[in-house]
1. In a solvent-free Debye calculation with one equal scatterer on each Cα, what is log10 I(q)/I(0) for region 106-147 at q = 0.25 Å⁻¹, listed in the order of the q values?
2. Stick to the Cα atoms of the chain, pair each with every other, and give me the Kirkwood hydrodynamic radius in Å at one decimal.
3. May I ask which of 71/321; 205/313; 57/277; 27/101; 36/307 have a Cα-Cα span longer than 29 Å here?
4. What does the extension gain come out to for residue 160 and residue 208, with contour length at 0.36 nm per residue minus their alpha carbon separation?
5. Decide, for region 163-319, between rounded, prolate and oblate: order the square roots of the alpha carbon gyration tensor eigenvalues as a ≥ b ≥ c, take rounded if a/c falls under 1.5, and otherwise choose prolate if a/b is larger than b/c, else oblate.
6. Which of the listed residues, 45, 140, 118, is farthest toward the dipole's positive end in region 1-148, when Lys, Arg count +1 and Asp, Glu count -1 at the beta-carbon?
7. Dipole magnitude of the chain about its Cα centre, charges +1 at Lys/Arg Cβ and -1 at Asp/Glu Cβ only, in debye to the nearest 20?
8. Using a 7 Å offset from the Cα along the Cα-to-Cβ direction at both residue 201 and residue 345, what is the distance between the two label points in nm, to one decimal?
Amino acid sequence: MRKILFDVGHPAQVHNFKNIYWDLEKKGWRGLFVTKDKEICVELLERYNLPFIVLSKNRKGILKKILFLIKDIVKFYSILNEFKPDIVLNRMSIHATLLSKILRVKQISIADTENSLNLSLLTDTILTATSFKKSFGDRHLRYRANIELFYLHPNRFRADSTIYELLNIEKDRRYAIIRFVSWDAHHDIGQKGFSYQQKIELVKKLSEKVEVFISSEVELPSELERYKITIPIDRIHDALYFASLYIGEGATMASESAMLGTPAIYVNSLNDAGIFKELEEEGLFYIITDGREATLKAVDIIDNHSKEDYIEKRDNYIKRKIDVTAFMVWFIENYPKSVEIIRENPDYQLRFQ
């Protein structure tokens, strides 16, 4: 029996890897997830009934993160020795790339953020979307999709309209989803989004026109608490699919909204990723750094834009992309021969379109 270990450091990575796990399991593979106890990673793994081990709790502050990295490395070492995977699939985490390299375990790394740590020398193969602006040299291959299509490609996701019942609103009632982040990730240092007053103003303006639901990593101002979204953690993509608008500081949720045909306004000074530019060119995504300007744009979309137009743009975009999960399952099963196949003929991946 072949075995694969999935290293998870963010809730979105559970979504990235869950379908790969299920498809490989059907083919006789055994999989294991190793996760940080960060945000809702553990809850998602439990909800999807995925096998996992918790590496450590997420720590705030650079010094604590460095100190606990040593503990992560020690524990990950013991997990690798006990589980003995044939392949480690990771998102360029230090402990996964370093120890896989030392123990000579085959590893495939996926990157989607150009400003993340460059660990390319530690990994065997790096896969990114074609929109990714950096190059990692010979070990770097590109797939014709984006990271959100691992789980939101039409072959992988079907929206469930019972979300209206969970939101406690009438079916087809228009609503907007707002996202505020905590700004404690290493890549958030020095970045900014909405000010306190701009958050209040945004909700005030939108709530005059549509229902408003807020997803927040931080405690909300008391006057905004009643807008907090309270749905099961695995139903957020249903909520994004039927929304008339997404606006917020969270990059993942913004990109997810675009892939679901929901206009997305991303309000964050950290906004130079290649995928953002690609989605912006497709008319699915707006990058705005000023909170007041973003609020005006949100009102304009609600008043003057049709959701159907964004769905059509999304459909046209996805027609040119592949089912990246199907591609990854093939790539893993045939690794490392698959590297040479894609290197010699990048169009081979179009059979997964």
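Throughout, read-outs are computed from the coordinates displayed, never taken from laboratory work. Quantities reported herein were computed from a predicted structural model and do not represent experimental measurements. Quick reminder, even Gly has a Cβ in these numbers, built from the backbone with ideal geometry, and neighbours come from all protein chains shown.
1. -0.85
2. On the way: mean 1/r = 0.0474 Å⁻¹.
Roughly 21.1 Å, rounded to one decimal.
3. 71/321; 57/277; 36/307
4. Extending this stretch completely gives an extra 14.6 nm.
5. Here region 163-319 falls in the rounded category.
6. 118
7. Here the size comes out at about 1220 debye.
8. Output for this residue pair reads 5.7 nm.
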